[in-house]
Amino acid sequence: MILSDKKILEYLEDGQIVIEPFDRSCLGTNSYDVHLSRHLAVYADDILDARKHNKIEELIIPEEGLVLQPGKIYLGVTQEYTETHTSVPFLEGKSSIGRLGIDIHATAGKGDVGFCNTWTLEISCVQPVRVYAGMPIGQLIYFRVDGDIENFYNKKASAKYTERTLRPVESMMWKNKF
């Protein structure tokens, strides 16, 4: 079941959900709008290796915006820090973003109960498009969990994305054993 605006507010009041900064005008009927930070990153190498730590190079979106190019993955990050302690957060791109040919996540739209951080975005586009820091980029939708949680994300020893950050985080696939 998806949480309504009133239920999201209730969860915010009692600490089940944390959104910093929180702006009431960003709360929709059943979602919360998140915004693109000024921090982007691209991978330093053209060929990525799933078994190796692929280094990233940071980009800062200037006041006049930054043109994204097709065929490249940009790692972005939300301005909002979030915590979700009793529900499952899903991050979806806003329809206005999709209509510009921008995709904000290749595969990682679902968070886990216990996720506490900003959201790294896997941004790609189908044609050149200019983006700006602070623009609405996505919306968080919260699903109620049925049953008790045994293994919260922020408590798992194997969790790779728990260090609080204001910058995009590269893939940590290399930490897996395969």
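GLY109 passes every criterion in (1) under 24 Å from LYS7 (Cβ atoms); (2) in contact (Cβ under 8 Å) with a residue 40 or more places away in the chain apart from (2). Across region 97-110, not a single residue is classified as in contact with a His (Cβ under 9 Å, 6 or more places away or on another chain) and either aliphatic (A, V, I, L, M) or surrounded by 15 or more Cβ atoms within 10 Å (Cβ to Cβ) (or both). Just to be sure, is SER124 farther than 30 Å from LEU9 by Cα and among the hydroxyl-bearing types (Ser, Thr, Tyr)? Yes, satisfied. Looking across region 108-127, the residues that are part of a loop (DSSP other than H, G, I, E, B), under 20 Å from THR162 (Cβ atoms) and at pLDDT 95 or above come down to THR118, TRP119. Checking the condition free of Cβ contacts under 8 Å to residues at least 60 places away in the same chain, surrounded by 15 or more Cβ atoms within 10 Å (Cβ to Cβ) and in contact with a Leu (Cβ under 8 Å, 6 or more places away or on another chain), which residue from LEU75, LEU59, LEU40, LEU66 passes? LEU59 is the lone residue from the list that is free of Cβ contacts under 8 Å to residues at least 60 places away in the same chain, surrounded by 15 or more Cβ atoms within 10 Å (Cβ to Cβ) and in contact with a Leu (Cβ under 8 Å, 6 or more places away or on another chain). As a summary of the residue check, VAL34 satisfies the conditions (1) without any contact (Cβ under 8 Å) to a residue 40 or more places away in the chain; (2) outside any loop (DSSP other than H, G, I, E, B) except for the one numbered (1). Pairs meeting the criteria (first residue in region 1-30 and more than 13 Å from TYR142 (Cα to Cα), second residue assigned to a helix (DSSP H, G or I), beta carbons under 9 Å, at least 6 apart or on different chains) are PHE22/LEU12; ARG24/LEU9. Tell me, yes or no, whether region 143-159 has at least one residue that is crowded, with 17+ Cβ neighbours inside 10 Å and closer than 25 Å to MET1 by Cα. Yes: region 143-159 contains one or more residues that are crowded, with 17+ Cβ neighbours inside 10 Å and closer than 25 Å to MET1 by Cα. Evaluation of ARG130 against the conditions (1) basic (Lys, Arg); (2) assigned to a loop (DSSP other than H, G, I, E, B); (3) more than 19 Å from the chain's Cα centre (by Cα) shows that the sole unmet condition is (2).
The values are calculated or read from the model by the stated rules, or taken from the named source; none is laboratory data. Everything quoted here is computed from the prediction, not taken from an experiment. Every residue, glycine among them, receives a Cβ derived from its backbone with ideal geometry; neighbour counts consider all protein chains shown.
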